[in-house]
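Read the structure below first, then the notes.
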């Protein structure tokens, strides 16, 4: 059965293989998988996004990402979704935005909202939707365990990565890497402290989004520590990300909030690079201590683990990534779910 799927991203984040957001990377992989499988993929995302299917762009937001900017972007999303549903025979709407309740469409085709945040990051009502034929899914077992019971909650579908695209190898260099959003809950300041204790240079890569608290965090907690032993590279696209992950002695993930998936940890393993992470959320089910990395619980433990990173076999990291984290497994699971939900809706309407 050929399907038409309308995928909707976060109003403030472009969608492409080069984007820094995990939700946007997953959306891009699903969009590509739909097209490769012969389905029709429609994508609502900010202008500048790239889609394998048909991009239905909304204006991109620049400057400060305050509440007014988000509210205006959400209103544009609501209008874009309504327009798409009026023009196209959509079988299912897949919402990826962390603010999806703000533009949940009127009753019609089934809606699947993938939860990319810890459940505590959503309003309680969002986890018990009253719209008919509206479903939720998590991206890891750890995240699903934290969700309140709901008839709308489906089994989790673990996030995947393009393992094949991450197979390029580069010469190892003696630096640790932090790669991700620059914000307090990612614990970048703790990565800096751990690398300093370990006596290993640190490269910090990632975007500082225009949220006031993120900008303050960078200026007060990150910038004062920059210098020869700690460099900030800014946002990086896919090719440079792959080079950095392949060359680093280890990836540091000192997350202070439960990680729902941590795509970057999985990408590092696909590049043969061990991960040193706090056991927050899904990181504890992603990293196998002593085999693919370490799970310390404080800065001192992270510093010690940086020193032990060389004991991890890069080939074993790659084998684990291929076996556990391929995007092909994720795409197949979503395509099967799309087909089931669309088929049930058609049967109910017959």
For the chain, shape from the Cα gyration tensor axes a ≥ b ≥ c, cut at a/c of 1.5 then a/b versus b/c, turns out prolate
Shape of the stretch 164-324, Cα gyration tensor, a/c cut at 1.5
rounded
Normalised by the number of residues in the stretch 164-324, what is the relative contact order in percent for Cα pairs under 8 Å and 6+ residues apart?
25
Between helix 188-198 and the chain: long-axis angle, C-alpha atoms, 0 to 90°, nearest 10
30
Anyone know which of 125, 235, 315 comes out most mobile in the 10 Å Cα GNM of the chain?
125
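Work out the FRET efficiency for residue 125 and residue 322 from their Cβ-Cβ distance, taking R0 = 45 Å, and round it to the nearest 0.05.
Working: r = 40 Å, r/R0 = 0.89.
The formula returns an efficiency of 0.65 here.
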In terms of the alpha carbon gyration tensor, root eigenvalues a ≥ b ≥ c, rounded if a/c is under 1.5 and otherwise prolate when a/b exceeds b/c or oblate, the stretch 1-144 is rounded
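Could you compute the FRET efficiency for residue 35 and residue 221, with r as their C-beta to C-beta distance and R0 at 51 Å, rounded to 0.05?
The computed FRET efficiency comes out at 0.75.
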Listed residues 227, 108, 22; largest mean-square fluctuation, Gaussian network over the chain with Cα springs below 10 Å, found at 227
Taking only C-alpha pairs under 8 Å that are 6+ residues apart, what is the relative contact order of the chain in percent?
16
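Which peptide among 129-136, 299-306, 262-269, 196-203 comes first, and what is the full order, when sorted by highest mean count of other Cβ atoms within 10 Å?
The most tightly packed comes first, giving 262-269, 299-306, 196-203, 129-136.
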May I ask what percent, to the nearest 5, of DSSP beta bridges between residues of the stretch 164-324 are antiparallel?
5
Nearest 10 degrees, 0 to 90: helix 67-87 Cα axis against the chain principal axis
40
What percent do you get for the relative contact order of the stretch 124-225 when only Cα pairs under 8 Å and 6+ apart count?
21
Hey, what angle do you get for helix 299-308 against the long axis of the chain, alpha-carbon based, 0 to 90 degrees rounded to 10?
80
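Coordinate-derived values only; no laboratory data. These numbers come from a predicted model, not from an experiment. FYI the Cβ positions are ideal-geometry reconstructions off the backbone, even for glycines, and counts take in every protein chain you see.
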